[in-house]
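Asker: Mind looking over this structure? Questions follow.
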Amino acid sequence: MENPRYRILSLGAGVQSSCLLALSAEGILPRIDFAVFADTGWEPQAVYDHLDRLEREVAKPAGIPILRVSSGNIRDDALDPERRFASMPLYILNRDSLPGMTRRQCTGEYKIKPIKRQVRELLGFPYPQRVPKGLYVEQWVGISTDEFHRAKDSDVKYMRNRHPLISDLDWSRADCIRYLSSVSLADTPKSSCLGCQWRSLRDNSPAEWDDVVAFDAAIRQGNARANASGNPLLGEAFLHRSRVPLAVAPIDHVTRSERDAAASDELENGVANGCSPWACRGEESEQEQDDFGLAS
């Protein structure tokens, strides 16, 4: 029977993945060989601070290296005419006043791609080398029972996803929060780049809020490279679904998806949709994209 070369954790530094790291470090779950954090370059400072704490207080004492990987800075890339930009799910107001959306590409580019690159290097077969058949890592993904429908396998044979919160523990997100509280990690933040969360920033981090508001204004005509190459967006782009500037958007309005999330204790910082490798919470955005089509 084939065995994995390594056991790794896809560490987003949110509730579920932090829980898995702590459970492994404590010996409740098997020991992982590495934890891999994919950095978009535009995470909230609270996430970076929490990641540093996890490394200092949980991972290092247990002998678990945290590997930080990146494909660039998602904010800077969007505003740089020389850089290819893998788009966030931006809300579009077309010239005919009909709504649309840009395709969500950011999770694949800024989360999954750098993790795959790191895994190939760990296995000793960096791209474009072919990874030999039967050589793979077991990758833990932090999905709990209330999100079991998001559990997916990897799309490459050299990575095999496992979901220990479901298969080993039958834990919900609420169970993870209780456990984190018991090990003094109750303040674990939401794992999502600044472009996808706002209420907590506005209320608790004015400088980051100002940064996101400025970014929202800067992408009104789409990404810089498309404009520079003569392919401008035929409409206006916004971060918020209301398709008005973020500074005046109704971010305190609770949507139906957020009410549903709150009822199942999923709601984090006022945002139901977040991003995680192999568990992107983008269904609602994709549904709107299907309903209205892409802006061209």
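Asker: Working carefully through the options Y91, Y110, find the one that is in contact (Cβ under 8 Å) with a residue 12 or more places away in the chain, closer than 30 Å to A22 by Cα, surrounded by 15 or more Cβ atoms within 10 Å (Cβ to Cβ) and not polar (S, T, N, Q).
Answerer: Y110
Asker: Please find, among S17, S87, the residue that is hydroxyl-bearing (S, T, Y) and either closer than 19 Å to L201 by Cβ or within 13 Å of the chain's Cα centre (by Cα) (or both). If you could, list the steps in order and put the result at the bottom.
Answerer: Working: S87 fails: either closer than 19 Å to L201 by Cβ or within 13 Å of the chain's Cα centre (by Cα) (or both).
Result of the check over S17, S87: S17.
Asker: A further question on this structure: Between residues in the range 216-227 that are assigned to a loop (DSSP other than H, G, I, E, B) and residues that are of a type in the set (S, T, Y) and surrounded by 14 or more Cβ atoms within 10 Å (Cβ to Cβ), which pairs lie under 9 Å by C-beta distance while being six or more apart or on different chains?
Answerer: G222/S87; G222/T102; N223/S87; N223/T102
Asker: Also: How many residues are buried (at least 20 other Cβ atoms within 10 Å of the Cβ), among the hydroxyl-bearing types (S, T, Y) and in a helix (DSSP H, G or I) if we restrict to the range 6-59?
Answerer: Here the count works out to 3.
Asker: Name every residue in the range 123-163 that is open to solvent by 30 Å² or more (accessible area, probe 1.4 Å), more than 18 Å from V15 (Cα to Cα) and among the aliphatic types (A, V, I, L, M), in order of residue number.
Answerer: V156
Asker: Follow-up question, since we're still on this one. Of all residues in the range 181-190, how many are surrounded by 19 or more Cβ atoms within 10 Å (Cβ to Cβ) and aliphatic (A, V, I, L, M)?
Answerer: Residues of the range 181-190 surrounded by 19 or more Cβ atoms within 10 Å (Cβ to Cβ): 185, 188-190.
The next check asks that each one be aliphatic (A, V, I, L, M); those that pass are 185.
Selection size over the range 181-190: 1.
Asker: Within the range 206-232, count every residue that is open to solvent by 30 Å² or more (accessible area, probe 1.4 Å), out of contact with any strand residue (DSSP E or B) (no Cβ under 6 Å at 6 or more places or on another chain) and either modelled with pLDDT of 85 or more or not basic (K, R) (or both). Give the steps one after another, and end with the answer.
Answerer: In the first step, residues of the range 206-232 are kept if they are open to solvent by 30 Å² or more (accessible area, probe 1.4 Å); the result is 206-211, 213-214, 217-218, 220-221, 223, 225, 227-232.
Those left that are additionally out of contact with any strand residue (DSSP E or B) (no Cβ under 6 Å at 6 or more places or on another chain): 206-211, 213-214, 217-218, 221, 223, 225, 227-232.
From the residues that got through so far, the ones that are either modelled with pLDDT of 85 or more or not basic (K, R) (or both) too are 206-211, 213-214, 217-218, 221, 223, 227-232.
Counting residues in the range 206-232 that are open to solvent by 30 Å² or more (accessible area, probe 1.4 Å), out of contact with any strand residue (DSSP E or B) (no Cβ under 6 Å at 6 or more places or on another chain) and either modelled with pLDDT of 85 or more or not basic (K, R) (or both) gives 18.
Asker: Now for a different question. Confirm whether C193 is open to solvent by less than 40 Å² (accessible area, probe 1.4 Å), touching a Phe, Trp or Tyr at 6+ places or on another chain (Cβ under 6 Å) and not charged (D, E, K, R). Step through it out loud before you land on a result.
Answerer: Numbers: open to solvent by less than 40 Å² (accessible area, probe 1.4 Å): yes; touching a Phe, Trp or Tyr at 6+ places or on another chain (Cβ under 6 Å): yes; not charged (D, E, K, R): yes.
Considered against the rule, which asks whether it is open to solvent by less than 40 Å² (accessible area, probe 1.4 Å), touching a Phe, Trp or Tyr at 6+ places or on another chain (Cβ under 6 Å) and not charged (D, E, K, R), C193 comes out as yes.
Asker: Please state which one of L169, L165 is assigned to a helix (DSSP H, G or I) and under 27 Å from V119 (Cα atoms).
Answerer: Working: L169 fails: assigned to a helix (DSSP H, G or I).
Only one candidate passes the filter, namely L165.
Asker: Just the residues that are over 16 Å from the mean Cα position of the chain (by Cα), assigned to a loop (DSSP other than H, G, I, E, B) and either under 22 Å from H240 (Cβ atoms) or not hydroxyl-bearing (S, T, Y) (or both), please, taken from the range 90-128. Step through it out loud before you land on a result.
Answerer: Residues of the range 90-128 that are over 16 Å from the mean Cα position of the chain (by Cα), as a first pass: 91-102, 117-128.
Still in the running and assigned to a loop (DSSP other than H, G, I, E, B): 95-98, 102, 124-128.
The answer is R95, D96, S97, L98, T102, G124, F125, P126, P128.
Asker: Please go through the range 223-248 and give me each residue that is farther than 10 Å from I92 by Cα and small (G, A, S), ordered by number.
Answerer: A224, A226, A228, S229, G230, A247
Asker: What is the residue count in the range 20-45 for residues that are under 10 Å from A62 (Cα atoms) and out of contact with any strand residue (DSSP E or B) (no Cβ under 8 Å at 6 or more places or on another chain)?
Answerer: Count: 4.
Asker: Which of the residues belonging to the range 60-79 are open to solvent by 50 Å² or more (accessible area, probe 1.4 Å) and in a loop (DSSP other than H, G, I, E, B)?
Answerer: Matches in the range 60-79: G63, P65.
The values are calculated or read from the model by the stated rules, or taken from the named source; none is laboratory data. Keep in mind that what you see is a predicted model, and the values were worked out from it rather than measured. Counting neighbours? That spans all protein chains shown, and the Cβs are built from the backbone with ideal geometry, glycine included. To get the accessible areas, we keep the full protein, side chains included, count just its heavy atoms, and leave off ligands, DNA and RNA. Shrake-Rupley method; radii C 1.70, N 1.55, O 1.52, S 1.80 Å.
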